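Taking it in order: structure first as structure tokens, then the write-up.
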Number of protein chains: 4
Amino acid sequence: MAETPYRTALIVGAGSGISASLARALAAAGLKVGLVARDVGKLAALANETGAMTFAADASDPVAVATLFEQVDASLGEPDLVIYNASARVRGPLAEIDPEAVRQAVAVTAFGGFLVAQQAARRMVPHGRGAILFTGATAGIKGFPASAAFAMGKFALRGLAQSAARELGPQGIHVVHFVIDGAVRSGTRPDPEDRPDSTLSPDGIAQAYLAALQQPRNAWSSEIELRPWLETF
Amino acid sequence: MAETPYRTALIVGAGSGISASLARALAAAGLKVGLVARDVGKLAALANETGAMTFAADASDPVAVATLFEQVDASLGEPDLVIYNASARVRGPLAEIDPEAVRQAVAVTAFGGFLVAQQAARRMVPHGRGAILFTGATAGIKGFPASAAFAMGKFALRGLAQSAARELGPQGIHVVHFVIDGAVRSGTRPDPEDRPDSTLSPDGIAQAYLAALQQPRNAWSSEIELRPWLETF
Amino acid sequence: MAETPYRTALIVGAGSGISASLARALAAAGLKVGLVARDVGKLAALANETGAMTFAADASDPVAVATLFEQVDASLGEPDLVIYNASARVRGPLAEIDPEAVRQAVAVTAFGGFLVAQQAARRMVPHGRGAILFTGATAGIKGFPASAAFAMGKFALRGLAQSAARELGPQGIHVVHFVIDGAVRSGTRPDPEDRPDSTLSPDGIAQAYLAALQQPRNAWSSEIELRPWLETF
Amino acid sequence: MAETPYRTALIVGAGSGISASLARALAAAGLKVGLVARDVGKLAALANETGAMTFAADASDPVAVATLFEQVDASLGEPDLVIYNASARVRGPLAEIDPEAVRQAVAVTAFGGFLVAQQAARRMVPHGRGAILFTGATAGIKGFPASAAFAMGKFALRGLAQSAARELGPQGIHVVHFVIDGAVRSGTRPDPEDRPDSTLSPDGIAQAYLAALQQPRNAWSSEIELRPWLETF
């Protein structure tokens, strides 16, 4: 894996898919890695495999996020790369979905992204360097029926990413919004045998994140969409 | 003013600018009009002028919005046209803005739009007709620096509008997202004398809303941007 | 039909669909109308019905377009409203389509739009008023497979319209690009009986053009998309 | 430089900026490189430095492009990577620019891209693999005043790229449209000393092209924008 200019990565919203591939790729590239989830029990095997540290926090809670970053500073070191990967969705007709579930989905998908980006910015701005990556989705550029809450959350995350890129870029901080434009394969949802690579692979996605981190500041991308070759889009 | 197919309009987030022009235009077109604000005291003159009824409610509170629509049903009549016009913004560097203010701004700008659209949809879907209009902003299509909260809120509102348009359109409900792409003039912020029409007029905006309501269902717009002729965009 | 501020309309690329509805609507609104096609024989009935004058010209030929406008100035009067409605497409795999057919399709769809807009601008700029409307398509915002030539032409037309809007708007000329985002019904392709209004009606489209012409300069749209209520988009 | 899955690259529209950096990077990665320009005299030093072969052709001429590819097949080998980098612009008010110059600019910027992509597709489709890259510009996503011809050409190129990506992607051919969103530095236009990296570097752009070529087919980008960190966009 090629070198990145970063040393200490924090992945918020860690689980088994994209975030696991990112943890492996970043650790292989020599970075120290921290993984954040509400329930860190599920992260034990990944932490063991990659040497990552784990942290428990609710990313949509301002106090919890502030405390998280203090713990990370103290135990892992101040992160110069922060990735926001958490999201939640509510499916159902607009007339029927539960308002509290919608509020909570937007809080996890977008407000948590703001809280994490804010703590990251506080640490990166004084140094004039760092990177903040957001995992977006098709739902962030196109609002689908019966999916109002996910559209709201992922659109809001994209708005946050654009605002952050325009504000923090000239301060030396690379902000990138990834549009994951297709289904991501997993152990429980592999590709059909006759259609290899018909879904996005977490490792392929992680490779694109790493490539973005290697961009020199004279040729930065701020939004990168990814989809499998067979996807009609 | 040309006829619209609607009879009873509810404007949520009513004040002195766009919403006042809408109230006048809709009343002049023969619709019954309801005006909603947290503080209805400021609406007295407008209500008196247009014959509109006023309702006090916090649009970001699920219980308050449900109660509001019950009151509207009982006193004004079930609305077949609902306009969401409320928003809030927080300005300042990403690293410094107050998280609670950001949460509240997103709640007013976007979550309230969801709550109102949901109540509207519950009433319109059974009839297979109605219209839901959202007042968006430049911030909903481009995230500006030092304006993360407004970008999040207005992007989320646009995602909601797209999801609602794709879901409710085929059920006969016309959903339109307006992109107010420029400054709106007001009594306290008139145009410079040497640059007439250099800002958006609330009456011009209201005319565009009315024109959208007159579109036949075989040629609907779902997003309409508006800006003054002198605006570089 | 409500009044527009324009008096003399020229529709380039006239035939039986959108342009016929426009001719009727503009004539009904009191404008003098000129219709331009390569073969004006097919326009006789429409001209008779609406009182429009007809002009034969190849819109992709610079000399023919210059001559056309001189004829229009002399016989109909200088147009203060010009609508570009011509297009051509070539379907087939990228590897197989005929380059000369592609060249010609782009010439008709986009270069002709430039030639017509240029002649229009020459007449409108000195007066500081006028309107130029372009009929775009879904293909102008999304490039479809096996349709490279149409994508090239309609994308180019949209680029022209944006450039013209930004340049000519502050000179008092309203430039609008319409995205016709769906199939347009016709005598030979009516709606299925069980799905009324499932395609765009030419009259509904024409109504949207007329509504745009009535916008005050303090609240102009520069792009308006139109689709039928049942369209999934 | 990391490995790419490609062996033989053809760069059409070769000169001193982006294309020179691409030639160096691709040669360093082990690919055979062909450079195409109308005037190959200016390419001698670069060819000497990189070992690239040079070919003279007018990219906007169908016969010349067909002949070019036959020569390349015979002397360099059938290319499995083709990059279209040619463009032309005409500046000036819409009412004044010369129609023949506009026609020629669109021919070089977009029609030539079609001709080259078509020849590339004919060679790549039978093998089910290959890559076609297009060098776009800000002008391809936003039409600027007094720049109608460049907007038309670069919009058309983007439409072509989208159509080609959707058609050829599922046939194993990776099509990418790069949006070069800022000024590119050159020997005659270096960065100001007090604003390092304030313009795009050709080497940084070339690195992004190479990174795209290394994407696995299960996580492809089809559009990648690049700008310097100090760019307000």
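Just so you know, all these numbers are worked out from the coordinates, no wet-lab data involved. Model, not experiment: these values are computed from the prediction. Methodologically, a virtual Cβ is constructed for each residue, glycine included, from the backbone with ideal geometry; neighbour enumeration extends over all protein chains shown.
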Please rank C:Thr50, B:Thr135, D:Thr199, fewest neighbouring Cβ atoms within 10 Å first, as an exposure proxy.
C:Thr50, D:Thr199, B:Thr135
Fraction of alpha-carbon pairs in the stretch D:47-113 farther than 21 Å apart, rounded to whole percent, equals 38 percent
Output the antiparallel fraction of DSSP beta bridges having both residues in the stretch A:8-226, as a percent to the nearest 5.
5 percent
Helix-derived mean residue ellipticity, 222 nm - over the protein assembly as shown, DSSP H n ≥ 4, -39500 (n - 2.57), to 500:
-11500 deg cm²/dmol
Considering only C-alpha atoms, what is the centroid distance from the stretch C:156-233 to the stretch A:175-233, in Å?
35 Å
Which links in A:Lys142/B:Lys32; B:Lys142/D:Lys142; A:Lys142/B:Lys154; C:Lys142/D:Lys142; C:Lys32/C:Lys154; B:Lys154/D:Lys142 stretch past 24 Å when you go from one Cα to the other?
A:Lys142/B:Lys32; C:Lys32/C:Lys154
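Restricting to the protein assembly as shown, compute how many DSSP beta bridges are antiparallel as a %, nearest 5. Please list the in-between numbers first.
Numbers: 10 of 130 bridges.
So the antiparallel bridges amount to about 10 percent of the total.
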Using only the Cα atoms of the stretch B:121-189, what do you get for the radius of gyration and for Dmax, in Å?
14.6, 44
Descending principal axes extents, the protein assembly as shown, alpha-carbon based, whole Å
70, 67, 57
Could you state the number of Å between the C-alpha centres of the stretch A:114-136 and the stretch C:26-78?
60 Å
Taking just the alpha carbons, could you work out the radius of gyration and Dmax for the stretch C:173-233, both in angstroms?
13.5, 43
Below 8 Å, C-alpha to C-alpha, sequence gap of six or more: please give me the relative contact order for the stretch B:8-226 in percent.
19 percent
Most fluctuating residue given options A:Asp39, A:Asp58, A:Asp194, as computed from a GNM of chain A linking Cα atoms under 10 Å
A:Asp194
Going through the stretch A:44-116, which GluC sites (Glu not before Pro) have at most 13 other Cβ atoms within 10 Å and a DSSP loop state?
A:Glu96
In Å, the Kirkwood hydrodynamic radius of the stretch D:101-161 over pairs of distinct alpha carbons?
12.2 Å
Just to be sure I understand: chains B and D are related by a rotation, so which residue of B has its Cβ closest to that axis, and how close in Å?
B:Lys142, 6
What nm value, rounded to one decimal, do you get for the distance between D:Arg38 and B:Asp98 when each label is placed 7 Å out toward the C-beta?
6.3 nm
Run through the stretch C:131-233 and list the GluC sites (Glu not before Pro) located in a DSSP loop whose Cβ has at most 15 other Cβ atoms within 10 Å.
C:Glu193
Partner chain coverage, peptide D:165-177 - average Cβ within 10 angstrom:
4
Ranked on Cβ counts within 10 Å of their own Cβ, fewest leading, A:Asp181, D:Asp61 go D:Asp61, A:Asp181
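Just rank D:Thr54, A:Thr138, fewest to most, by other beta-carbon atoms within 10 angstrom.
Fewest-to-most ranking of D:Thr54, A:Thr138: D:Thr54, A:Thr138.
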Count the DSSP beta bridges whose two residues both fall in the stretch A:127-233, then state the antiparallel fraction as a percent rounded to the nearest 5.
5 percent
Any chance you could list the semi-axes, whole Å, largest first, of the equivalent ellipsoid that the Cα gyration tensor gives for the stretch D:8-226, using √(5λ)?
25, 21, 19
